[in-house]
1. Would you please name the GluC sites (Glu not before Pro) within segment 4-72 that are DSSP coil residues with at most 10 other C-beta atoms within 10 Å of their C-beta?
2. Along its principal axes, what span do the Cα atoms of segment 139-209 show, with the longest given first and each in whole Å?
3. Taking only the Cα atoms of segment 33-139, how large is their convex hull per residue, in Å³?
4. May I ask you to order 166-173, 91-98 by the average number of other C-beta atoms within 10 Å around their residues, highest value first?
5. Direction-averaged shadow area of the convex hull around the Cα atoms of the chain, nm²?
6. Could you let me know the centre-to-centre spacing of segment 145-177 and segment 1-70, using Cα atoms, in angstrom?
7. List the relative contact order of the chain as a percent without decimals, with contacts defined as Cα pairs under 8 Å and 6+ residues apart.
Amino acid sequence: GRATIAIAELKAGGSTARGNLRSDPGGFTGTLAISGELIGELAFAPAGEAQRIDAHLRANGARFPGAFAVRSGRLDGTIILAEERTTVNGVVDARGFEASGISLARLTANARLVNGSGQVRAAIAGRRGAAFDFTTLANVTPDSIRLTGRGQIERRPLVLRQPAVLTRSGDGWDLAPTSFSFAGGTGTLAGRSGSRPELHAQLRSMPLQILDIAWPGLGLAGSATGRVDYAWKGNRSGRADLKIRGLSRAGLVLA
């Protein structure tokens, strides 16, 4: 016969779920009310031979140590668990989002994924040394990400002139050579993340203001042409061959 599971308290990630789930042919039926770091509900219902879960969650000052924090936000989505097939559709709208050292004033995204593959559309905005915003479309698989997009840094245009392709490699990701432009300058960027990061950049008339994103408060003006190579090999090592014009910072000017 059909059984009902009464969940008095299920704690995970600073949130608590309570409710009843009834065992029906094909899956569970019922609703779990969520409180704590996240507030909302998870609604369960069979969908043919699959299990459907509709999520409607809100965050208000939520912090998940080691994962992310968000000042306010909302997630609405659907997960369908079928035999050897997991489908995820969702929309996220967040303010004051922080994760892995990245801080965003605004994040909106929608995704449709099947077994970890599909498309994600996202728009981000924030300030890290300079105000920035960026809109992107990502085609993802469990082992690769292909990004296209454009945006602005201090209202100056930043464009990916070709897709940025990231491929999973060991404990990190490899970035294939990617061409981009910013405020009249052009460049090509490649490298990898992980325990042995690398960075390779070829620049032409690239405004130095772009460095404020990586090093807030650097405040350099001018432009650079040349090549930068950096690699971590137990000790930091790198090489730069740059020609810089109009370098200035805090009143210091070099021709």
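Just so you know, all these numbers are worked out from the coordinates, no wet-lab data involved. These numbers were taken from a predicted model, which means no experiment stands behind them. A quick note on method: Cβ atoms are made from the backbone with ideal geometry, for glycine too, and the neighbour counts reach across all protein chains shown.
1. Passing both the DSSP loop test and the Cβ count: Glu49.
2. Cα spread of segment 139-209 along its principal axes, largest to smallest: 36, 25, 18 Å.
3. Convex hull volume per residue, Cα atoms: 102 Å³.
4. 91-98, 166-173
5. Convex hull of Cα atoms, orientation-averaged projection: 16.5 nm².
6. 35 Å
7. Relative contact order for the chain comes out at 7 percent.
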